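Q: Below are the structure tokens for one structure; questions will follow.
The values are calculated or read from the model by the stated rules, or taken from the named source; none is laboratory data. Here the structure is a predicted model, which means the values were calculated and not measured. We place every Cβ from the backbone using ideal geometry, glycine too, and count neighbours over all the protein chains shown. These accessible areas exclude ligands, DNA and RNA; they are computed on the full protein's heavy atoms, side chains included. Shrake-Rupley method; radii C 1.70, N 1.55, O 1.52, S 1.80 Å.
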Amino acid sequence: MADESRSAIAMSRPGLFSRFADDETERRYSERARTLRLPFVRVYGVIFMVVALSYSIINPMFLAPTDNAQLAILLGLALLVCGTYIGVTFWEGYIQYPLIDFIALLTLSLLVGKINVVLFEHLSSLDATLHAVGVVNRLIITAFAAVTLAGRPRAFLGWVVLDALVWFAQITSGQPQLSAVVYAVVSYASGAVVMTAINLAVGRTSRAAFQLADSLDAERARNEELVLNMLPPAAVNRIRSGLLVADSYADASVIFIDMVGFSTLAKRVSPGHLVELLNAFFNHADACARQFGVEKVKTVGDAYLAIAGGNVPSGNSADAAIAFARAVIAGVPDMGKGAGVEVALRAGIHSGPVVGGVIGETRMAYDYWGDTVNIAARLDGTAPVNGIAVSEITWLRARDREGFGAPVTIALKGVGDVLVYHAQPLASGEVDRAA
């Protein structure tokens, strides 16, 4: 199953540069992590633009017109790149292309580096130095890249290497003093190491968090599947809302199917063989229920209780119930052949109003009650071997009455005299045509 494959590919101890073994999981991790970082990316971009605008306001106060004009162009380009970058993050395809971050951040870094060079030259003319300030400003972009490229350490290291080469070429142009270069390199290297550690830490923790969240999602899906196997979806929603689950159905058809001579059979075969036989019977009945739009209610011993016209829409409930019972009984030869013993079934069907709901707070199940259920159980005992017994109400409700004999009056315990119609199952080919 898909859930099991997720568990199989998950990493127990993710390394610094490790990937998920499955490419699909790696893609989902990358897209989810980038989606969660989107607010940070946009806020950081806005902060960068505010800082750039601040420089644009301050520069004319201190710089010569030529230097100010050059910086105005560079700052304008930086604002344009950053604004475009923020705009692209609102594109739905942005999440799928991490290269956008790489290119945008590298471009901003180059522009900031050039801005720092102009400022350094200005301060140098005043016997000042801007190497330290240049490193600090550069680390602003490096911090941005460290978090934005978290989870992709190779991409971040590649970005740092390219940024460092460009930065080093800029500060060594013009034959600067060796000591100034050494201090600048040490400052830059220290900051780059710290940002690399941040990138690896954020990437590893986010990868581990994704792994945990993915496992929880898979477990939640499995639990949801188990719950929906026991309860109808509408009932589950009401239970979660703390509401009482009680429903009334005016026109439903209840089907009881059980094995003939089950007590005798239980004495003849081993417990394991008996469970295997019951499992084959119930699995076959489940498949027929799905085929004919019938809802399985429960199994009690060797009896299978189902209903047409309850939580599962089935059109004419009597026709669906009869077709379902015929299909289940038509599978008797295959069940007997597989079990190596003679198997016989019988079914009882009655139509009318029923009440359904969930009672209790432990081992909950959606059940049905009412005289319709009780009469169907009584009719089951009157059915011929590998045959069906339906009440007069069901027979009149059904459009397909093929195979039913003349009605007989039978006294049902706790009910009284009831007109009952008996029928043998259709052949397998006729069952397929009826479906």
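Q: For the stretch 237-280, what Kirkwood radius comes out of the mean inverse Cα-Cα distance, in Å?
A: 14.5
Q: Same structure, new question: Sorting check: for 381-389, 320-328, which peptide has the highest mean count of neighbouring beta carbons within 10 Å, and how do the rest follow?
A: 320-328, 381-389
Q: Relative contact order for the stretch 264-356: what percent, with Cα pairs under 8 Å and sequence separation of 6 or more?
A: 22
Q: Net charge near Ala189, counting Lys/Arg +1 and Asp/Glu -1 over other residues with Cβ under 13 Å of its Cβ?
A: 0
Q: Tell me, what is the per residue accessible area of the stretch 262-381 in Å², probe radius 1.4 Å?
A: 44
Q: Another question, if that's okay. What is the calculated FRET efficiency for Ala201 to Ala69, with r their C-beta to C-beta distance and R₀ = 60 Å, to the nearest 0.05?
A: 0.90
Q: How much of the accessible area of the stretch 216-280, probe 1.4 Å, is carbon plus sulfur, in whole percent?
A: Answer for the stretch 216-280: carbon and sulfur cover 59 percent of the accessible area.
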